[in-house]
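The structure appears right after this line, and notes come after that.
The values are calculated or read from the model by the stated rules, or taken from the named source; none is laboratory data. Note that this is a predicted model, so its numbers are computed, not measured. As a convention, Cβ positions derive from the backbone with ideal geometry for all residues, glycine included, and neighbour counts pool all protein chains shown. For the accessible areas, the whole protein counts, side chains as well, though only heavy atoms, and no ligand, DNA or RNA atoms are used. Shrake-Rupley method; radii C 1.70, N 1.55, O 1.52, S 1.80 Å.
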Amino acid sequence: MKQFTSVHDVSDPAALVQEALALKRAPRGSLRHIGQNRTIALLFFNPSLRTRLSTQKAAIELGMSAMEYNAGQGWQLEFEDGAVMNLDKAEHIREAAAVISQYADIIGIRTFPGLQDREQDYSDYILKQFQQHARVPVISLESAIRHPLQSLADWVTIEEHRPAHRPKVVLSWAPHPRALPQAVANSFLEWMKRADVDLVLAHPPGYELAEAFTRGVSVTHNQNEAFEGADFVYAKNWSSYQDYGRITCQDAGWMVTPEKMALTNNGQFMHCLPVRRNVVVADAVLDSPNALVIEQANNRTYAAMAVLKGLLEGWTGTEP
Ligand code: CP
């Protein structure tokens, strides 16, 4: 593995899931030699709790040093080639990425979409520009269109709770008062398509995701039908892709409730967090023994460890 920005960077995602599970079982402190004298720079253009702390913890568990930088605060980067930089942008990505590469062996980037210009957001230009100009491997800590570390942790969690049969996994849109990116949903589909599961996507009309992510996925506008017999229900809000970045409907009837979970096969509830209680999901679901959200957050550490280890040691699978 030479970078980690999507499932396409991983030759064998199922093996990476098993690697994360093996790292979770390893005795505490037994892996510190792996990243000794290595450093990761974590650049956050947008806020984070889980990704920030779990990636830092992963680095610590592997013996690495982690440097964090709030890149969204006052650091005006120029991304245009040939720009005449006589306005507010003080530094070009060409120097910035090259300079950070002098200090770090791996660079992690979190950068959300603006949700104004679909073409620009879906070009994932900030992450891509770092990939182009950095001289060390780049990890996505959630980009404009994907959140691969979250998806890997989600798959690890599903694997831990996997029933004997091929599980039915439902990704369901849920209401939210703010317009949110499509990144978690896009990424979850992309990773689950590589897993041994029956995948169903449920959302109200108007919340269709980009075809690149939904191709081959069973899609329904009937949430109850989707929940029937489900082993895992993953709730997530996203704003419209067609009417880009807009909230086109705010149907409170799509909140995940105990009545809806009763349609499932004693289904497990999943969400990437943070979650709006009693908007996205009812308290009774989130506080039930079937809620996996805290385990998902815990598995963020082991997902990040597997990725960092893969980048540091050289992934043994066939490179794509
Ligand atoms: N799930 C997730 O990425 O959480 P943070 O935004 O807190 O990192």
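Quick check: from the Cα gyration tensor, does segment 162-291 come out rounded (a/c under 1.5), prolate or oblate? Walk me through the intermediate numbers first.
Values: a/c = 1.72, a/b = 1.14, b/c = 1.52.
Oblate, since a/c reaches 1.5 and b/c is not below a/b.
Multiply the residue separation of Thr220 and Arg194 by 0.36 nm, subtract the distance between their alpha-carbon atoms, and state the gained length in nm to one decimal.
On the way: separation 26, 0.36 × 26 = 9.36 nm, distance 2.03 nm.
Result: 7.3 nm gained on full extension.
Between Arg162 and Ala26, what is the spin-label point distance in nm, taking each point 7 Å from the Cα along the Cα→C-beta axis?
So the two model labels end up 2.1 nm from each other.
Would you list, by chain and number, the lysines whose Cα falls below 18 Å from the Cα of Lys193, excluding same-chain residues fewer than 8 positions away?
Lys168, Lys236
Magnitude of the Cβ-charge dipole of the chain, K/R +1 and D/E -1, about the Cα centre, nearest 20 debye? List each step's numbers first, then the result.
Details: 30 positive and 36 negative charges, 160 e Å.
Charge dipole, the chain, about its Cα centre: 760 debye, nearest 20.
With all protein chains present, how much of the accessible area of segment 162-291 (probe radius 1.4 Å) comes from carbon and sulfur, to the nearest whole percent?
On the way: 2510 of 5200 Å².
The C+S portion of the solvent-accessible surface of segment 162-291 is 48 percent.
How do 227-239, 168-180 rank on mean C-beta neighbours within 10 Å, highest first?
Numbers: 227-239: 22.5, 168-180: 19.8.
Peptide ranking by packing, descending: 227-239, 168-180.
Once you have a ≥ b ≥ c as the square roots of the Cα gyration tensor eigenvalues for segment 59-176, tell me rounded if a/c is under 1.5, and otherwise prolate or oblate according to whether a/b is larger than b/c.
Details: a/c = 2.88, a/b = 1.61, b/c = 1.79.
Taking the square roots of the gyration eigenvalues as a ≥ b ≥ c, segment 59-176 is oblate.
Could you give the dipole magnitude of segment 201-320 about its Cα centre, charging the beta-carbon of Lys and Arg +1 and that of Asp and Glu -1, in debye to the nearest 20? It would help to have the intermediate numbers written out before the result.
Values: 8 positive and 13 negative charges, 63 e Å.
Computed charge dipole of segment 201-320: roughly 300 debye.
By per-residue mean of other Cβ atoms within 10 Å, what is the highest-first order of 116-122, 255-261? List each step's numbers first, then the result.
On the way: 116-122: 14.4, 255-261: 18.1.
The peptides rank, most packed first, as 255-261, 116-122.
Using a 1.4 Å probe, what is the accessible area per residue for segment 273-314, in Å²?
Details: 1600 Å² over 42 residues.
Accessible area per residue, segment 273-314: 38 Å².
Give, as a single signed number, the net charge of other residues whose beta carbon lies under 12 Å from the beta carbon of Met270, with Lys and Arg counted +1 and Asp and Glu -1. Write down the numbers at each step before the final one.
On the way: positive: Lys236; negative: Asp154, Glu160, Asp231, Glu295.
Local charge sum for Met270: -3.
At His33 and Leu87, where each label point lies 7 Å from the Cα along Cα→Cβ, what is the point-to-point distance in nanometres?
Modelled inter-label distance: 5.4 nm.
Shape verdict for the chain, please, from the Cα gyration tensor: rounded (a/c under 1.5), prolate (a/b greater than b/c) or oblate.
Values: a/c = 1.98, a/b = 1.29, b/c = 1.53.
It comes out oblate by the Cα gyration axes.
Using Cα atoms only, what is the angle between the long axis of helix 13-25 and the major principal axis of the chain, expressed in degrees (0 to 90) to the nearest 10?
The angle comes out near 90 degrees.
Stretch Asp283-Gln18 to full length: gain in nm at 0.36 nm per residue minus the Cα-Cα span?
Details: separation 265, 0.36 × 265 = 95.40 nm, distance 3.21 nm.
Full extension of this stretch gives 92.2 nm more.
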